[in-house]
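Structure record follows, encoded as structure tokens.
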Amino acid sequence: MTLFLLLVIAAIVLGIIGFVAEGLFYLLVIGIVVLVVALVYLGMHMRRSGRHQRTR
């Protein structure tokens, strides 16, 4: 969960810098990519943790 939060914070910071700074649009794109990777990571982590739990 810590890695997910770190990736989300990095994506937000890169997105803000890319949006505000003139000529740094690529940082906004990198921020969006990092956010997507963080969401995929969270989805895979939730899917993996759900399989190991047994119902009785």
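Data overview
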read-out	value
Estimated 222 nm signal from helices in the chain, with DSSP H stretches of n ≥ 4 weighted -39500 (n - 2.57), rounded to 500	-29000 deg cm²/dmol
Between helix 2-20 and the chain: long-axis angle, C-alpha atoms, 0 to 90°, nearest 10	20
Candidate values (1) 3.5; (2) 4.3; (3) 3.8, label of the one derived for mean projected area of the Cα convex hull in nm²	(3)
Accessible surface of the chain [probe 1.4 Å, protein heavy atoms]: carbon and sulfur percent	72
Accessible area expressed per residue, the chain, with surrounding protein chains retained (probe 1.4 Å, Å²)	86
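The values are calculated or read from the model by the stated rules, or taken from the named source; none is laboratory data. Small disclaimer: the values here were computed from a predicted structure and weren't measured. SASA here: full protein model, heavy atoms, side chains in, ligands and nucleic acids out. Shrake-Rupley method; radii C 1.70, N 1.55, O 1.52, S 1.80 Å.
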